[in-house]
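To start, the structure itself, in structure tokens.
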Amino acid sequence: MYDGLLGTSPPDGTVVQNLDADYSLESQAAYIIGGSAYFARADNNNSTFVTNVYRQLLQRDPAQWERDAAVEELNGYWRWVSQPCPPECFVGCEPPPGDCGWWEWYQKSRDEFAWEIVSSHEFHQAGAKMLVYGKHLRRDGTATEIENLAYYMDSTGRVLEGAVSILRLDEFYNKSIQPW
């Protein structure tokens, strides 16, 4: 997984230890993608980072609006948080201001962005298409097969569960005993 996402060997055994401890593949993909090595590979540029994540995990380029929205959240911005104004007072006090609330800084971390992607239905569709049908069954899945498997992965929260479900099929067994 580390080699597939970064093209290099892992610097330590963290990912393997986490997988041995039953962490999901998604959690480890998010761990790697949210890390400094993946960001450095994108020249420490949020726009390149977002594009790389989309290409590797979703097998497509982000639409301009997707890239712009993600980059804005990764760069951070000030936002107004509204709050209900206190009730108007009775005789002898100042009226409340017309606009209640405060400004706060909002910035999404690369970890949060990575988790959003690996938790998405589109990621499960890509996993079903590439990993399960393309690699394990050595064929293109129909749109219905991919969608059904992606919804199954959505319900379990794990791509691996989708891959394991294929192991029960006669088609997988027959292809596993035949050479390529």
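Readers should treat all values here as calculations from the given coordinates under stated rules, not as data from a laboratory. Not measured: the values here are computed from a predicted model. When we count neighbours, we look across all protein chains shown, and the Cβ atoms used for this are built from the backbone with ideal geometry, even at glycine.
May I ask you to derive the relative contact order of the chain, considering only C-alpha pairs under 8 Å and at least 6 residues apart, and to give it as an integer percent?
Worked out over the chain, it gives 19 percent.
Starting at the first residue of region 32-49, write each ³J(HN,Hα) from the Karplus equation 6.51 cos²θ - 1.76 cosθ + 1.60 with θ = phi - 60°, in whole Hz, x for Gly and Pro.
With coefficients 6.51, -1.76 and 1.60, one gets 5, 5, x, x, 5, 5, 5, 5, 5, 5, 8, 6, 6, 10, 4, 5, 5, 4 Hz.
Please list 3J(HN,Hα) in residue order for region 8-25, calculated via the Karplus relation 6.51 cos²θ - 1.76 cosθ + 1.60 where θ = phi - 60°; whole Hz, with x for glycine and proline.
8, 7, x, x, 8, x, 4, 5, 4, 4, 5, 5, 4, 8, 6, 6, 6, 4
Using modelled amide H (1.01 Å from N, peptide plane; none on Pro or chain starts), what sits under 5 Å from the amide H of Gly101, excluding residues fewer than 5 places away?
It is Gln83, by chain and number.
Round to a whole angstrom and tell me the spacing of the C-alpha centers of region 102-118 and region 40-82.
10 Å
Going by a ≥ b ≥ c, the root eigenvalues of the Cα gyration tensor, does region 120-180 fall in the rounded group (a/c under 1.5), the prolate group (a/b larger than b/c) or the oblate group?
In terms of gyration-tensor shape, prolate.
Using +1 at the C-beta of Lys and Arg and -1 at the C-beta of Asp and Glu, which of Gly134, Ala42, Tyr152 has the Cα lying farthest in the positive direction of the dipole of the chain?
Going by the Cα projections, it comes out as Gly134.
For each of Val50, Val81, count neighbouring Cβ atoms within 10 Å of the residue's Cβ, then give the residues from fewest to most.
Least crowded to most crowded, the residues run Val81, Val50.
Lys108's amide H: which non-local residues (gap 5+, or another chain) put their own amide H closer than 5 Å, with H modeled 1.01 Å from N in plane and none for Pro or chain starts?
For Lys108, the qualifying residues are Leu74, Gly76.
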